[in-house]
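One structure is given below, encoded as structure tokens.
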Amino acid sequence: MRIYLKEKIGNPELFTGRKEDLAFFQKWIAGIKKEISKSMAILSRRKTGKTALMQRLYNLTFEQNDGVIPFYYEMKEGQRWGVDFCRDFYLTFIWQYLAFKTRRVEYLYVPSEERLNLAAASAAAQRDGLGYLANAVASMAQLFDEAGLDTIWLAVRDAPFTLATSQREFIVQMFDEFQYLNSEIYRDQACQHLASNFAGGYMSTAEYRNAPLLVSGSWIGWLRGMLHTLLPSRFRQYELENIPEDEALEMVFRYSQIMDVPVSEDVAYALAKASEGNPFYISSLFESPCKAKDFTTQEGLLNTLEYETLNERGQIRSVWMEYLYKVFYKVNEVNAKNMLLYLSKHQDREISRKELLDALHLPMTESELEQKLRALLKSDLIEQGRSNFYYRGVQDNIFDKVFRGMYADDIQAFDPQEITNEYKALYAQAKQEYQALLGRYNQTKGLFAEFAIINHLRLRAHREQERFRAMIRNLPEDFAFVEYESVWSYKTARPDKNDIAIDLFARAGEDAYSIIGEVKNRDTTAFSKEETLEFIRKVQILQERESVGKALLFVFSRHGFTADALTEFQASGIAYSDDERWLENS
Ligand SMILES: Nc1ncnc2c1ncn2[C@@H]1O[C@H](COP(=O)(O)OP(=O)(O)O)[C@@H](O)[C@H]1O
Ligand SMILES: [Mg+2]
């Protein structure tokens, strides 16, 4: 797919998985055209991939170009004068709208002098034959000159809805860091008087089904509270979970490929396991500056985990530390730390308020304690237990270690060796599981097989033509391996029958053969004719969608092929192999 709005994730190929979530939201976005989709809020702990998901949704919606216009806006941290904010918000919308309607991506990247100029936006709309838009922007410009902040905010806030209604169009409004709308915007240029309830304005706006909102933010407890009190029942909540294990493993392989950090299979599994499906942990481990980083050995992974957890330069530690400082500043509470430590020490069970009071000799009443705990809950540093009376530490083993490491000095007899040992134990367990898995799940084995073949195609096949050609049968005369522009599996997330997954897609330049492949690493079943026909169907969709020129269709099946399938391969010119050397790691 193409990327239109730049994504924070960086290389767009890094984006992995989220299959279910993408399918859910694409269906929700498609539902906007039927006016059945109600505004939603994505809630999850920080760094679980909300921004990545929303930005990908923007680009998918832009690409599909199927009657829903995407608008993405990030409310930023930092004090701002309301009028400046309104101008930025409104013009971001207008340029994005214009880009979508004209299919001209450069409108998403207008330089800021022009971008923040209402007259320039109006002129651009006029040039592109969107007279109604040019007029709307011109009247908005007048409003900016004449009206007060509240009137301006009302007008720009409703602009997407108003435009959608008058043009009989549909718009999805995605707002990231929504909570800042109520804490960063000021009524005066000197930023003395907070505009305390800009978000409340959405009370009515968020109810219209032709331009619903999808909001998210990284202060999730705070956002949840805000939605609850200021915008009651205007938003359906969606809990974004950590990613499932198979997607985590795929993410590890993908980061390994793209960032050129080799991994071995058992270490890849342990890494995915240690990350507990948190994409931020995976990306941070790959980006880690740790000198001993080496994901082909157990020690290399353990060293990197420890570095990221305990070293000041570790990204994981820094991110959590920055967050904790902000929370402790807000909560303003010395005891908060001790409570967190106590909950962390007793991870495995829920703790009552009474126990906390007694164990920590807290100089406060139970209802005062409840207030403090509520603040910690709101910051997402602890979890609610089975009732209002019970609490527990967050179930995140890396966070827990970072936290203990940071406040090591406060803990009597804290020994960093403890953390080393815990990681070791975690590794040992992962290793055991990995071995059991190898015997059990074809899907995981399939993923490893894909990964091994992809590696060969990326790194070796073009240098060792003879060796690799000998590992494939039914190759066309003029076939040669080349250095591919990209090699990866191809997955779309579409809410229709054209949702396809191709195990292997090596894209070649102009005249060379691209390779489109199917990989089966099964112990018992041979690849059948039905599977061949299904593969051909998927390839046609891919070729059309990605405009692939010359392509070699290739099936790898470790357990061989049925006679029917082989006949079909001959008829359709499909290359095939059951040579296990494709699965070797080097
Ligand atoms: N689907 C994904 N595939 C690959 N990496 C991801 C994915 N989602 C998140 N990440 C990684 O995790 C980091 C945190 O994600 P982000 O979207 O910023 O989280 P949030 O917005 O929930 O705080 C990103 O910088 C990115 O490196
Ligand atoms: Mg975010």
Legend entry - Lone unmet requirement of (1) in contact (Cβ under 8 Å) with a residue 24 or more places away in the chain; (2) under 30 Å from residue 504 (Cα atoms) for residue 176: (2)
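Given the criteria modelled with pLDDT under 85, within 25 Å of residue 295 (Cβ to Cβ) and in the same structural domain as residue 271 (by TED's automatic domain parsing), does residue 422 qualify? Talk me through it step by step, then tell me what you get.
On the way: modelled with pLDDT under 85: no; within 25 Å of residue 295 (Cβ to Cβ): yes; in the same structural domain as residue 271 (by TED's automatic domain parsing): yes.
Judged against the criteria, residue 422 is not a match.
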Inset, instruction - Hand me the list of helices (runs of 4 or more DSSP H) wholly inside region 73-180 holding 1 or more residues that are in the same structural domain as residue 55 (by TED's automatic domain parsing) and open to solvent by less than 40 Å² (accessible area, probe 1.4 Å). - result: 82-102, 118-127, 131-146, 149-167
Inset, instruction - Inspect region 503-516 for any residue being exposed (fewer than 13 other Cβ atoms within 10 Å of the Cβ), acidic (Asp, Glu) and at pLDDT below 95 and give the result as yes or no. - result: yes
Inset, instruction - Identify all residues within region 13-32 that are within 22 Å of residue 506 (Cβ to Cβ) and either within 16 Å of ligand 2 (Cβ to nearest atom) or open to solvent by less than 50 Å² (accessible area, probe 1.4 Å) (or both); write none if there are none. - result: 14, 15, 16, 17
Inset, instruction - Being of a type in the set (Val, Ile, Thr) and under 35 Å from the mean Cα position of the chain (by Cα) is the filter; apply it to region 543-582 and report the residue that is least open to solvent (accessible area, probe 1.4 Å). - result: 555
Legend entry - Scan of region 236-251 for residues that are open to solvent by less than 20 Å² (accessible area, probe 1.4 Å) and either over 14 Å from the mean Cα position of the chain (by Cα) or within 16 Å of ligand 2 (Cβ to nearest atom) (or both), ordered by number: 240, 243, 249
Legend entry - Residue that is most open to solvent (accessible area, probe 1.4 Å), among those in region 252-292 that are within 15 Å of ligand 1 (Cβ to nearest atom) and outside any helix (DSSP H, G or I): 276
Legend entry - The lone exception for residue 59 - which of (1) in contact (Cβ under 8 Å) with a residue 60 or more places away in the chain; (2) part of a helix (DSSP H, G or I); (3) crowded, with 20+ Cβ neighbours inside 10 Å it fails: (1)
Legend entry - Matching residues, region 354-400, being open to solvent by less than 50 Å² (accessible area, probe 1.4 Å), out of contact with any Gly (no Cβ under 9 Å at 6 or more places or on another chain) and on the phi > 0 side of the Ramachandran plot: none
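The values are calculated or read from the model by the stated rules, or taken from the named source; none is laboratory data. The structure presented is a predicted model; accordingly, all values stated were derived computationally and were not measured. We place every Cβ from the backbone using ideal geometry, glycine too, and count neighbours over all the protein chains shown. With ligands, DNA and RNA removed, areas are computed over all heavy atoms of the protein, side chains included. Shrake-Rupley method; radii C 1.70, N 1.55, O 1.52, S 1.80 Å.
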